Amino acid sequence: MTSPIPSRKILPLFLTGLLAVGASGCDRDDDPLGPAPLPDDAVVFDDNLGEGIDFQAFGGSKTDALQRDTNVSYDGEASLRISVPAPEDPSGSYAGGAFVADVPRNLSEYNAITFWARADREATLNVAGIGNDNTGTSLFPAETQNLALTTDWQQYVIPLPLPAALSSERGLFHFAEGGEAYTFWMDNIRFETVPGLGVAMPAIATETLSLVVGATASVAGTVVTWNVGGDQIVVTAAPSYFTFTSSDPAVATVSDRGEIEVIGEGTATITAALGDVDAAGAITVTTTQGPTEPAPTPTHDAADVVSLFSNAYQNVTVDTWSAPWDNADLEDIQIGGSDVKRYTNLAFAGIEFTSQPIDVSGMTHFHMHVWTPDETDPPNRFGIKLVDFGADGQFGGGDDVEDELFFDSSTTPALQSGTWSSLEIPLADFAGLVTRENLAQLIISGDPNTVYIDNVYFFRR
């Protein structure tokens, strides 16, 4: 028979933290015996969920996909049966969730989590791993991907990237699978000390970043590889497992979570280590010229403005500032406390608000602050296109209209290099934009290829 494994609603993070502290007896500073040691129970599932463990389905997953099955098991009385839904299933498009401990566990004495699995046909399990406590703030998630499932029971081993980091962990195991409907089972999910894992081989992505002072970036490609019996096990590990070093902290610093921040001009190399093992790969950070001051604060009355992006106004809904079909790299940064969009490698970028097209028929002008380090003398020019989807609100419906204008150092308004240029453009100049009640796209394009933009809005004069 099968019985559902309940999924509990997630408490706010500050509440779960208080409950965990209280349950472990660590909330009394005057305890003469000191805080109670955290449990180190290895069992996640063995006929039943381990003590104090709750399964929590991920958002958008089929909440009843996981059940305890007493008809199928690797050994013992029961296994976990996972019924993967079809993508169009209204109750959830995939199966996935996390096994979370009420009280953090000390897992530092183990080197792997293992489990047995089989499926009703050959399949590939998308993701399985540890360290995800389903709060969205997990420090130490690690997972492996594309595990081959067969109709026979097989054991799977996921090495722990750095056991010492898991001395107080609530996220014990997680999985996610989707794409086609089928069934698989898991059994004997537990932490172990597995012999013969060998030496962990950590790595980070090797890349060169050109960033402006004040910009941030994330260390990418943090993985750990083991050679086990001639096979490679690759685990994608959160940057928090690693220790990072900057060759020049006056140029760039890097946090414990792998967040790089550019402090000053120059070049710095970011390297990493996993415990006492140096990681392969390095990130070279070179500063590029960019604005050192925020764009001027707009002064138009808010009642006369429809804003897409500005700290000075309430913004309408924008679906994306870099559509999947465009050719540009986008980074959200701050300059002097002001939010700014930074586009690099710009050929064209699609800014879409198609889910909620806007009516700017009562506006007279379009405004955008633009800063670029690139040349703006002709033939270098910057394009702005506006697209109205018409009354049907759909692309290509037969009533779409659009127009595009280009700006350089010789136009009015002018685009200048190395300073914030205020492009205030009469909407009447977009001659082809004969309707403006269902505006759905803004497309920027051209050469310069690096631009910073702020204060993007329509206004009435």
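The values are calculated or read from the model by the stated rules, or taken from the named source; none is laboratory data. Computed from a predicted model, the values in this text were never measured in an experiment. All Cβ positions, even for glycine, are placed from backbone atoms using ideal geometry, and neighbour counts span all protein chains on display. These accessible areas exclude ligands, DNA and RNA; they are computed on the full protein's heavy atoms, side chains included. Shrake-Rupley method; radii C 1.70, N 1.55, O 1.52, S 1.80 Å.
Accessible surface computed residue by residue for the chain, with neighbouring protein chains in place and a 1.4 Å probe, gives 45 Å² per residue.
Couplings 3J(HN,Hα) for the stretch 379-386, derived from phi with the Karplus relation 6.51 cos²θ - 1.76 cosθ + 1.60 (θ = phi - 60°), are x, 5, 7, 10, x, 10, 10, 10 Hz, where x marks Gly and Pro.
Remark: the Cα gyration tensor places the chain in the prolate category, a/c being 1.5 or greater and a/b exceeding b/c.
Using the Karplus relation 6.51 cos²θ - 1.76 cosθ + 1.60 with θ = phi - 60°, the per-residue 3J(HN,Hα) values for the stretch 371-377 come to 10, 9, x, 7, 5, 10, 6 Hz, with x marking Gly and Pro.
Element breakdown for the chain at a 1.4 angstrom probe: carbon and sulfur atoms account for 49% of the accessible area. FRET efficiency for the pair Asp278 and Ser210, taken as 1/(1 + (r/R0)^6) with r the Cβ-Cβ distance and R0 = 30 Å, rounds to 0.75.
Near Val306, within a Cβ-to-Cβ distance under 10 Å, what is the net charge of the other residues, with Lys and Arg +1 and Asp and Glu -1?
Neighbour charge sum, excluding Val306 itself: -1.
The angle between the Cα long axis of helix 13-23 and the main principal axis of the chain comes to about 20°, on a 0 to 90 degree scale. With K and R counted +1 and D and E -1, the other residues having a Cβ less than 14 Å from that of Ser91 yield a net charge of -2. Given axes a ≥ b ≥ c from the Cα gyration tensor, I'd like to know whether the stretch 246-332 is rounded (a/c under 1.5), prolate (a/b larger than b/c) or oblate. Prolate, since a/c reaches 1.5 and a/b exceeds b/c. Is the stretch 393-461 rounded, prolate or oblate when judged by the Cα gyration tensor, a ≥ b ≥ c being the square roots of its eigenvalues, rounded requiring a/c under 1.5 and prolate requiring a/b larger than b/c? In terms of gyration-tensor shape, prolate. Computed over neighbours whose Cβ is under 9 Å from that of Ser417, the net charge equals -3, Lys and Arg +1, Asp and Glu -1.
Between Asn71 and Thr243, 0.36 nm times their residue separation minus their Cα-Cα distance comes to what?
Extra length from Asn71 to Thr243 when fully extended: 57.3 nm.
In the chain, the calculated helix contribution to ellipticity at 222 nm averages -500 deg cm²/dmol per residue, counting -39,500 (n - 2.57) for every DSSP H run with n ≥ 4.
For Thr137 paired with Asp403, estimate the spin-label separation in nm (one decimal), with each label point 7 Å from Cα along the Cα-to-Cβ line. Going by the 7 Å Cα→Cβ label model, 5.1 nm.
Length gained on full extension, Glu261 to Ala347: 28.3 nm, using 0.36 nm per residue less the C-alpha separation.
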